[in-house]
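The values are calculated or read from the model by the stated rules, or taken from the named source; none is laboratory data. As the structure is a computational prediction, the values presented were derived from the model and not from experiment. For neighbour counting, all protein chains shown are included, and Cβ atoms are generated from backbone atoms with ideal geometry for every residue, glycine included.
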Amino acid sequence: MKFKSIFVAAIAALFIVSCTETDDQDVNVWDKYADWREENTTWIEQQEALLDEASNPVYTKVVPEWNRNGYVLMRWFNDRALTENNLVPLYTSTVDVKYYGRLYTDEPFDSSYTSISPADSVSRFQISKTIQGWAIALEQMHVGDSVEVIIPYQLAYGAAAPSDKILPYSALKFNIKLTNIAGEYIRPLN
């Protein structure tokens, strides 16, 4: 019985120490990348305020119904009237896209243009398995649309660094062309 009490106490102590270490690591990441985070946040605010020659916003701020605290900025390159009757993916859809990803500094970090499967320069994703910023953007697009999407770090990778090219708290900029919705598609009833 005494051994059991010591064992439980040791496990509890390990749990408390591990939680404390994780909290310290999180604070260190927050502090370590404070300047980078602020630069990314400031850049997003600048992009949101950009106006074209006719004093219209360059980007559309898109806030999804399923996350009223999140948003992405989108700019369409194509005439949306030409694609308005095309299919729109659902959160559960698998899509074929061409894309090019950059940091706010325009440093590239990923591209489908090196892919050969399922087709030349095309990558296939299930929307629900992408970062939230992609899901928000793709649900706004019709097959054939080409957009630039700016994703705040909160809807990208947050405090994580998924590669050596993407630092924690990185805002991401993607050029995306939705080329197809792969597999079966059931159009929702309106």
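Looking at (1) exposed (fewer than 15 other Cβ atoms within 10 Å of the Cβ); (2) over 16 Å from T179 (Cβ atoms); (3) without any contact (Cβ under 8 Å) to a residue 60 or more places away in the chain, find the lone condition where D120 falls short.
(2)
Just to be sure I understand the filter: pairs with C-beta atoms under 6 Å, separated by 6 or more residues or on different chains, first member in segment 75-104 and free of Cβ contacts under 8 Å to residues at least 24 places away in the same chain, second member surrounded by 19 or more Cβ atoms within 10 Å (Cβ to Cβ) and assigned to a loop (DSSP other than H, G, I, E, B). Which pairs pass?
none
Could you grab me the full set of residues in segment 63-89 that are surrounded by 17 or more Cβ atoms within 10 Å (Cβ to Cβ) and under 17 Å from the mean Cα position of the chain (by Cα)?
Of everything in segment 63-89, those that are surrounded by 17 or more Cβ atoms within 10 Å (Cβ to Cβ) and under 17 Å from the mean Cα position of the chain (by Cα) turn out to be P64, G70, Y71, V72, L73, M74, R75, P89.
Within segment 138-183, how many residues turn out to be farther than 24 Å from T92 by Cβ, part of a strand (DSSP E or B) and in contact with a Ser or Thr (Cβ under 9 Å, 6 or more places away or on another chain)?
1
Within segment 32-50, track down each residue that is in contact with a Leu (Cβ under 7 Å, 6 or more places away or on another chain) and either without any contact (Cβ under 8 Å) to a residue 60 or more places away in the chain or in a strand (DSSP E or B) (or both). I'd like the intermediate steps shown before the answer.
Taking segment 32-50 first, the residues in contact with a Leu (Cβ under 7 Å, 6 or more places away or on another chain) are 33, 36, 47-48.
E48 - this is the single residue of segment 32-50 that is in contact with a Leu (Cβ under 7 Å, 6 or more places away or on another chain) and either without any contact (Cβ under 8 Å) to a residue 60 or more places away in the chain or in a strand (DSSP E or B) (or both).
Go through segment 97-122 residue by residue and tally those that are more than 12 Å from K165 (Cβ to Cβ) and in a loop (DSSP other than H, G, I, E, B).
Taking segment 97-122 first, the residues more than 12 Å from K165 (Cβ to Cβ) are 97-100, 104, 106, 112-122.
Still in the list and also in a loop (DSSP other than H, G, I, E, B): 104, 106, 115-118, 120-121.
Counting residues in segment 97-122 that are more than 12 Å from K165 (Cβ to Cβ) and in a loop (DSSP other than H, G, I, E, B) gives 8.
Given E53, E65, which one is in a loop (DSSP other than H, G, I, E, B), modelled with pLDDT of 95 or more and not aromatic (F, W, Y)? Can you show your working first?
On the way: E65 fails: modelled with pLDDT of 95 or more.
Going through E53, E65 in turn, the sole match is E53.
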